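Here is the structure we will look at, set down as C-alpha cells.
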Amino acid sequence: MKKLIMAVAITLVALSLAACSSDEDDSDAVVETKSGNITKDEFYNKLKDEAGEDILQQMVLVKVLEGKYEASDEEVDDRIDSIKDEVGDQFDMWMQQQGFEDEDELRDQIYPAVLQEKALMEEVDITDEELKEEYEAKKTEIKAQHILVDDEETANEVKEKIDNGEDFAELAKEYSTDEGSAENGGDLGYFSRGDMVPAFEEKAFDMEVDEVSDPVQSQHGFHIIKVNDIRDKEDFDSFEDMKDEIHSDLLNKKLNEDPSIAQNKMSELLKEADIDIKVEGLEDTFDFINEPVEDPSQTEDGDDAVDEDNDAENNDAEDNDADENDNKDDEKNDAETDKKQNDEENSNE
C-alpha cells in the first residue's frame, strides 16, 4: 500500500510487461544468443513473478485516477519549473541523483502525483488563514549567528559568558565546532524556512532581532543562536502566484502527519473501480483494499486503555531513571568536592 501513496512511476518495465501481454506470438524471441533465445513468454512470466504485482498496482491506480481527475501538461510543467527554481543550475545533477535519464521520465512520475494530489485535496481541509501564515513564513528570511558545541554543559558555559557580556563572535571562534561558520564568528548569513534543521529553524524563526537563545539541541549538537536581522525576501512572488504551491506543501505536511488519509482515499477509489484481474497468479493483487487502515492514534490492538497504562508505566520508569541519575549526579558532585578539599589540604601541607 505504501507504494500506492507515493508518486507513481510508469517505468519501462511496466511498458514491457504491457507489450508482452499483447496478442502477438508468445514464442517470438525478444533476445537471441548463441546459447539460446529468450521468448516473450519467458520474459513476460519473469516480469510477472518478480514485479508484476507492483507494476499492476501502479498502472491500475493511475487508470482509476484518470477516470475521475485530470492533470494538465501545464500543471506538470509547473511542478518541473518549481524543481528547477529550487535546485537552480544543479538541475541536471539532481536528475541524475534521482535516477531520471531525462525530463520525460520525471514527467511520467509527476503526472500521477498530480492526479493523486487532486484526489487527496478532497479529504484535507486547508484554510486561507493557514495558506497566508505559510506564505508569510516562506517570504521571511533571517540573518543569524550560531555557536555549535557537542554537549549541553559546554553550551550552558558559553551562554553564561554571553550573558556576562563576552563577544558572541569571539566565543564562536573559540568554541564552535561548525567549521564553516566559526571563523566568521558563527555568521550564517540570511536563510529561509527549510534551509536549516527543524529544531534550529523552529527556534530561530520564533526569536526577535538581537535576541540570543538558550541552548537548542539538534542532531548536530547544541546551538546557541543570535538573530541579527529579519526581513522580507526581495522579488518574492505574490500570495496569489504561490497559493497553489503552498497548498501542495501544506497538503503533503498533513498527509505525512496522518498517512491513513491517503491510504483510505486510495482504497476507496480502487473499491469503486470494481477491479477484475485477468492475469493468472495476480488475482489477489488488490486484496489489501479490504483491510482496515490502522489509526495512528491507536495501539496495534486498538486498546486506548492499554495506551494509558503504558504511558503511566513509562512515566514511572522515566521518573525512576531521573531519580537514579540525580543520585548519581549527587554522588559525583560529592566525590568532586572531596577531591578538591583533599587537593587543597595537600597544597597547604
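Every number in this text was worked out from the coordinates using simple rules, so none of it is lab data. Note that the coordinates shown come from a computational prediction; the quantities given were computed from them, not determined experimentally. A quick note on method: Cβ atoms are made from the backbone with ideal geometry, for glycine too, and the neighbour counts reach across all protein chains shown.
Would you please give the FRET efficiency between GLU283 and GLU70, computed as 1/(1 + (r/R0)^6) with r the Cβ-Cβ distance and R0 = 25 Å, to the nearest 0.05?
Once the sixth-power term is evaluated, E becomes 0.20.
Using every pair of alpha-carbon atoms in region 140-232, split the distances into 10 Å bins beginning at 0 and state the percent of pairs per bin, rounded to integers.
18, 57, 24, 1
Using the Cα centre of region 140-232 as origin and beta-carbon charges of +1 (Lys, Arg) and -1 (Asp, Glu), tell me which of ALA199, GLN219, THR140 is placed farthest towards the positive end of the dipole.
THR140
Under 1.5 on a/c is rounded, so check that first for region 58-103, then, if it is not, pick prolate when a/b is larger than b/c and oblate when it is not; a ≥ b ≥ c are the square roots of the alpha carbon gyration tensor eigenvalues.
oblate
Say each of GLU272 and ASP241 gets a label point 7 Å from the Cα, pointing the same way as Cα to Cβ; how far apart are those two points in nm?
3.6
Given a cut-off of 23 Å, name the pairs among LYS132/LYS254; LYS84/LYS243; LYS40/LYS271 whose C-alpha atoms lie farther apart than that in the structure shown.
LYS40/LYS271
Mind ordering 251-258, 107-114 by average Cβ neighbours within 10 Å, highest first? Could the numbers behind the result be given before it?
On the way: 251-258: 14.2, 107-114: 19.1.
Ranking, from highest mean packing down: 107-114, 251-258.
Give, in nm to one decimal, the length gained when the segment between GLN97 and ASN37 is fully stretched (0.36 nm per residue of separation minus the Cα-Cα distance).
Gain on stretching GLN97 to ASN37: 18.1 nm.
If I take the Cα coordinates of region 55-202 and project them onto the principal axes, what are the three extents in Å, biggest first?
If we take the Cα atoms of region 55-202, the spans are 67, 38, 26 Å.
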